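Here's the structure we're looking at; comments come further down.
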Amino acid sequence: MTKATHNFAAVAASTMLVIAIVALGASVADAGHKCPNRYFKKVPVKGVGDTEANAQKAYDEDLPKKIASAKDDCKDCECEEKTESCTFVHTQSKKAKCTPQGPGFKCVGNIRPGCFCFDEDEDF
């Protein structure tokens, strides 16, 4: 075998190996990941305003944004039971804690997002 033939064979084998690895990675990624069936870490929610009412309003506007951004954690997750689907649920602070801060107010609380496997007829 000549040096050129040997180099061609090595390049061809390397290319085929890369293609196989990419194909395997794509098929694993397409399968989706397992639904964790648990809550995640707390996510802070806050609002700041010149008055307590404005800080509460800002908090109330931040809350649905934080909930919406956490929902994607459950997207394309798989459950062990074929009849179940990975469902987003969350807890949230009962009431924001508002305190004076500088010339205005700050309201803080949190959500705790989670993903759980539920049947269609189950409710949380």
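Each residue, H33 and R112, gets one label point 7 Å from its Cα in the Cβ direction; the gap between the two is 2.1 nm. With the simple spin-label model, which puts each label point 7 Å out from Cα in the Cβ direction, the D60 to T83 separation comes to 4.2 nm. With K and R counted +1 and D and E -1, the other residues having a Cβ less than 9 Å from that of V45 yield a net charge of +2.
Which of T91, P36, A58 sits closest to the plus end of the dipole of the range 34-119, meaning its Cα is farthest towards the positive end, when Lys and Arg get +1 and Asp and Glu get -1 on the C-beta? Checking the options against the dipole of the range 34-119, the answer is A58.
Taking the mean number of other Cβ atoms within 10 Å as a proxy for protection, how do you rank 42-48, 106-112, 118-124, 81-87 from highest to lowest? If you can, show how the numbers build up before the last one.
Working: 42-48: 17.0, 106-112: 19.6, 118-124: 10.1, 81-87: 14.3.
In decreasing order of mean packing, 42-48, 106-112, 118-124, 81-87 become 106-112, 42-48, 81-87, 118-124.
If I take R0 = 41 Å and measure r between the Cβ atoms of D50 and E122 in this structure, what FRET efficiency does the formula 1/(1 + (r/R0)^6) give, to the nearest 0.05?
Values: r = 45 Å, r/R0 = 1.10.
Taking R0 as 41 Å, the efficiency between D50 and E122 is 0.35.
Cross-link candidates for K82: which aspartates and glutamates have Cα within less than 19 Å, leaving aside residues fewer than 8 places away along the same chain? The reachable aspartates and glutamates, counting only those whose Cα sits under 19 Å from K82, are D30, D119, E120, D121, E122, D123.
Taken together, the values in this text are just the output of simple stated rules run on the coordinates, not laboratory data. Quick caveat, the model's predicted, so the values are computed rather than measured. Ideal geometry is used to build each Cβ from the backbone, glycine not excepted, and the neighbour counts take in all protein chains shown.
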